[in-house]
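For reference, the structure is listed below as structure tokens.
The values are calculated or read from the model by the stated rules, or taken from the named source; none is laboratory data. A quick note: this is a predicted structure, and the numbers were derived from the prediction, not measured. Neighbour counts are summed over all protein chains in view; Cβ atoms, including those assigned to glycine, are modelled from backbone coordinates with ideal geometry.
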Amino acid sequence: MSSRITAPPTTTGRTARVTGYVEDVSPGRGALPPRAWYAASDAASLSLNGRWRFRLSDTADAEDDSFAAPGYDSGGWAEVSVPGHWVLQGDGAFGAPVYTNHLYPFPVDPPRVPDENPTGDHLRVFDLPADWPADGGAVLRFDGVESCARVWLNGTELGEFKGSRLPHEFAVGLLLRPAGNILAVRVHQWSAGSYLEDQDQWWLPGIFRDVTLLHRPADGVGDFFVHASYDHVEGHGTLRVDADVPGRVTVPALGIDAATGETVTVPVEPWTAETPHLYDGVLATAGERVPLRIGFRTVVLEDGLIKVNGRPVLFKGVNRHEWHPGHGRALDLATMREDVALMKRHNVNAVRTSHYPPHPAFLDLCDEYGLWVIDECDLETHGFSEQGWRDNPVDDDRWTPALLDRAARMVERDKNHPSVVMWSLGNEAGTGRGLTAMAEWIRGRDGSRLLHYEGDRNCRDTDVYSRMYASHEEVERIGRRLDGGPRRRRELPFVQCEYGHAMGNGPGGIADYQRIFEEHDRIQGGFVWEWIDHGISHPELGYAYGGDFGEELHDGNFVCDGLVFPDRTPSPGLAEFKKVIEPVRIEGDGRGGIVRVTNGYDFADLSTLAFTWSYEVDGEPVASGPLAVPALAPGESAEVKLPEPPATGGTGETQWTVRATPSEDTVWASKDHVLAWGQLPVSRPPRASVAASVGPVSGDGLITLGPGVFDARTGAPRTIGGVEVTGLRLDVWRAPTDNDAGAPWQDDPRLGPLWRTLGLHRMRHRTDAVEAGEDALTVRTRVAPAGRELGLGTVYRWTSDGSALRLTVSVTPEGDWTVPLPRLGIRFGLPAADVVRWFGGGPGEAYPDTRAASMLGAWRATVDELQTPYVRPQENGARADVRRAELGGLRIEGEPEFWLTARRWTTEQLDAADHLTDLRPGDLVWVNLDHGQMGIGSQSCGPGALPQYHLRARPAEFSFVFSAAGD
Ligand code: IPT
């Protein structure tokens, strides 16, 4: 074994209250140099995960270190699970989580931290397994502890460390006993390290990743670096494994048996995220065999582009924080696998590990399933932006050793993953010499990957120009190379490391971004912010967010901004993203009987996909079959002939739907999983109109018109076809989405607040006339908010042919409407509605700029299923392009198609709710039939809806035909 592993531990006085290390800018003391991480070798190991004894103190110095000594009686202590965060255990007995976006939840006085510094003493007693080898040494590995830990084994202090999401190992061989080993770990929530860990997430102290005892055999494998490149011209891979301890490298499938340090070149299948070929190998020294999974690939910056294996890549990425609603950042393997499989199923091809290196097993999965990874260092000092970045640790030499330690721990741990194609210095840390030092060290250590850091606007230290939340217009300009900036930057490729803020309903406008990304070579894609909502399971609130634990500073539900809900159920945002980034484009005009198929992969041909066609009448498939599509190369297109359309003879609307699925089951999807689809309209015959052949009949305070009975005074319908209809009237209000609300710091007008100022949530309805004419009932009204001159002149015109009832709504804006409307349509209550059937867009929610995934079909859902459970309730659940719907005994047809929403509470109740548990079903189902909806945009952090998705107040006319439902 290498000498550094036997470094002698230090011993310390038994009663000292040593706390100076907590506020020390140094990375720590006593830990071994970082090295490559691997899950398992043939050396013995012992997981120390499980139940640990636990004692919580309010301050760092409340207790001495006598608990670490053998013989200490921890009988009165509580217990916690490791890995875990103590604030998420003990039902509130161990403090609570704190959420802030960028503000430090303590006074900014680096490197000092407050007296109130929750400190968790952890104790674990363990025996060595009977077969634990007697020879060699051992190391104790901590894969993640937030934020600062001091460690003792059997009463001897091993050292202390910071760097929460990075591994730390200690040599312990000489200290181990066969039985009754006492491992003591003191963990402080706040430390100097907290200043470097100001990521936008919950502050969650604890030993939150694995603790493992690893036997280190004599002549065991030390650190090693697998260099596996790919020459795309020759089709050759070159392998060289550099190792601290010499040994042999074998890769049976390639016939490789070479010494460490030796270079071997052989024909190979390259690794890409689309074709993740891994070769199993072994690194064997005299004392140990470590399994290797080798992927050959070469990442370069060439012609101003990021190229892998000679080809530019387009990142269709997400930012992934580690999250579990019950366990915080303590993730098990199944959860990590679920993330990777979900990403693959949704066409995601890249992950930025925002904003710290993930659990190392996640990267194994990225290698195996195929995802491009930007591995980001555990570094963010965003809170210093509040003081103009004064005292920023990344520009203060005293902190540089800590920064370099973090860079080294990331690179050394993760350097053997083919999936990692870029290192990222961190996030939102301003600029400074410390970052440059990190960049220089990383370049010196690993020249085979590119460097990313968004905060470096001049790209002094980086290989790619990266931005977050740039508008479509700016990205377009960057794509055209019209963005200026220093020459070095102008010659670099561009990525949006964060865009499409997925907070609540949205993000809107991602299809528009994708179009720009695909149009300009320089733009190599982006990473949606972010993968998962960080909601915490809560008995009363469903999911808790910032402020729910009484934090004195917090940022509310800004922590719930993911493409999947806290329990990993995909949100409509993920369905939309999946469609927008689908790997195959399927387009065409159904009348021509030709479908155009384009391979959008960067590396894979289409031989792994199967295609099917289906022919539909009014959304119902009437025939289907396989479609033969050539194994197109990346970027290639083909025009494929569809079969003769079946003779349907009917009058319905007809279309083709073509789908692409995996041709075989894969590790992440079964072969019925749709990866891409397209619809080709064939014919849409005009609908039979409703003749105004009967007229209104008045009597008894009522007016009857065909199947409708109206209140003669207000002109509002009371029943239609015997179904009670409550409060039917014009509606413009929606419960503002997080994107409507906008980020408080944004200069652009924020619609949510503007709408409320105007009073669009409290519109008054004045009836000017109820006119029972010869062939129509006409109701003239004015809809307007108190205190304002603006309003909407609104006329409802009802006609009937005796069996159906047609309503035409005419809206004329009056006054100075400078803001777009939230929505425009009618709403009403129905007494009983459970199942909803509709022919229109589905199956999920859609809005004007989030409608790519909306597929025209005949759909069915219960009212409850129509709701999208955004953690903070807000407008949701609209279905687009609805031609007709049936619910609560009514059949409704739209002229033209409409947006359909139905829920068991009113918009006002939805608007007032803070958590899903605030929403209680009432007696009525409230239905909105909208002629228009305002776009969604991404202004919760980013640009608002593009102008083409604005719902402008202008004269509008739209109709609905009501009749009794068929069955
Ligand atoms: C950006 C951060 O990098 C990310 O951590 C997260 O906070 C995100 O925004 C918003 O959810 S910083 C942005 C405020 C410019």
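Structure data summary
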| read-out | value |
| --- | --- |
| Filter result for residue 166 (over 21 Å from residue 124 (Cα atoms), modelled with pLDDT of 95 or more and in contact with a Leu (Cβ under 7 Å, 6 or more places away or on another chain)) | no |
| Boolean, residue 73 is away from the ligand (no atom under 16 Å from the Cβ), farther than 16 Å from residue 206 by Cβ, surrounded by 15 or more Cβ atoms within 10 Å (Cβ to Cβ) and of a type in the set (D, E, K, R) | no |
| Flag if residue 215 is part of a strand (DSSP E or B), more than 16 Å from the ligand (Cβ to nearest atom) and over 28 Å from residue 369 (Cβ atoms) | yes |
| Of all residues in the stretch 929-956 being closer than 22 Å to residue 507 by Cα and part of a strand (DSSP E or B), the one that is farthest from the ligand (Cβ to nearest atom) | 931 |
| Qualifying residue in the stretch 637-658 (condition: in a loop (DSSP other than H, G, I, E, B) and under 34 Å from the mean Cα position of the chain (by Cα)) | no |
| Unique match (being more than 28 Å from residue 274 (Cβ to Cβ) and either touching a residue at least 12 places away in the same chain (Cβ under 8 Å) or assigned by TED's automatic domain parsing to the domain that holds residue 602 (or both)) among 644, 664, 639 | 644 |
| Top-ranked residue of the stretch 744-755 - restricted to ones that are of a type outside the set (Phe, Trp, Tyr) and assigned to a helix (DSSP H, G or I), ranked as farthest from the ligand (Cβ to nearest atom) | 754 |
| Test: residue in the stretch 694-716 that is in contact with a helix residue (DSSP H, G or I) (Cβ under 9 Å, 6 or more places away or on another chain) and not aromatic (Phe, Trp, Tyr) | no |
| Elements of type strands (runs of 3 or more DSSP E) contained in the stretch 224-279, each with 1 or more residues being farther than 15 Å from residue 291 by Cβ, under 36 Å from the mean Cα position of the chain (by Cα) and touching a residue at least 40 places away in the same chain (Cβ under 8 Å) | 224-231, 236-243 |
| Residue check for residue 427: in contact (Cβ under 8 Å) with a residue 12 or more places away in the chain, part of a loop (DSSP other than H, G, I, E, B), more than 16 Å from the ligand (Cβ to nearest atom) and crowded, with 21+ Cβ neighbours inside 10 Å | no |
| Filtered residues of the stretch 594-611 (kept if surrounded by fewer than 16 Cβ atoms within 10 Å (Cβ to Cβ) and closer than 30 Å to residue 687 by Cα) | 594 |
| Failed criterion for residue 669 (all others in (1) part of a loop (DSSP other than H, G, I, E, B); (2) touching a residue at least 40 places away in the same chain (Cβ under 8 Å); (3) closer than 30 Å to residue 779 by Cβ hold) | (3) |
| Residues located in the stretch 86-122, provided they are within 16 Å of the ligand (Cβ to nearest atom) and crowded, with 19+ Cβ neighbours inside 10 Å | 98, 99, 100, 101, 104 |
| Residue within the stretch 408-416 that is surrounded by fewer than 21 Cβ atoms within 10 Å (Cβ to Cβ), within 16 Å of the ligand (Cβ to nearest atom) and either touching a residue at least 40 places away in the same chain (Cβ under 8 Å) or not in a helix (DSSP H, G or I) (or both) present | no |
| Meets criteria (touching a residue at least 40 places away in the same chain (Cβ under 8 Å) and either farther than 30 Å from residue 369 by Cβ or away from the ligand (no atom under 16 Å from the Cβ) (or both)) for residue 741 | yes |
| Residue in the stretch 316-332 that is over 28 Å from residue 536 (Cβ atoms) and not polar (S, T, N, Q) present | yes |
| First in the stretch 174-187 and at positive phi, second anywhere and modelled with pLDDT of 95 or more and not in a loop (DSSP other than H, G, I, E, B), Cβ under 9 Å, 6 or more apart | 180/125; 180/126 |
| Evaluation of residue 826 against (1) under 30 Å from residue 695 (Cβ atoms); (2) buried (at least 24 other Cβ atoms within 10 Å of the Cβ); (3) within 38 Å of the chain's Cα centre (by Cα); (4) not basic (Lys, Arg) (one fails), failing number | (2) |
| Elements of type strands (runs of 3 or more DSSP E) in the stretch 286-361, at least 3 residues being within 16 Å of the ligand (Cβ to nearest atom) | 315-319 |
| In the stretch 430-449, the residues that are part of a loop (DSSP other than H, G, I, E, B) and either in contact with a His (Cβ under 6 Å, 6 or more places away or on another chain) or within 16 Å of the ligand (Cβ to nearest atom) (or both) | 430, 431 |
| Qualifying residue in the stretch 778-786 (condition: surrounded by fewer than 19 Cβ atoms within 10 Å (Cβ to Cβ), on the phi > 0 side of the Ramachandran plot and of a type outside the set (A, V, I, L, M)) | no |
| Residues being more than 34 Å from the chain's Cα centre (by Cα) and either farther than 24 Å from residue 129 by Cβ or of a type in the set (D, E, K, R) (or both) - total across the stretch 209-221 | 2 |
| Subset of the stretch 615-636 [outside any loop (DSSP other than H, G, I, E, B) and either farther than 20 Å from residue 883 by Cα or among the basic types (Lys, Arg) (or both)] | 623, 624, 625, 626, 627 |
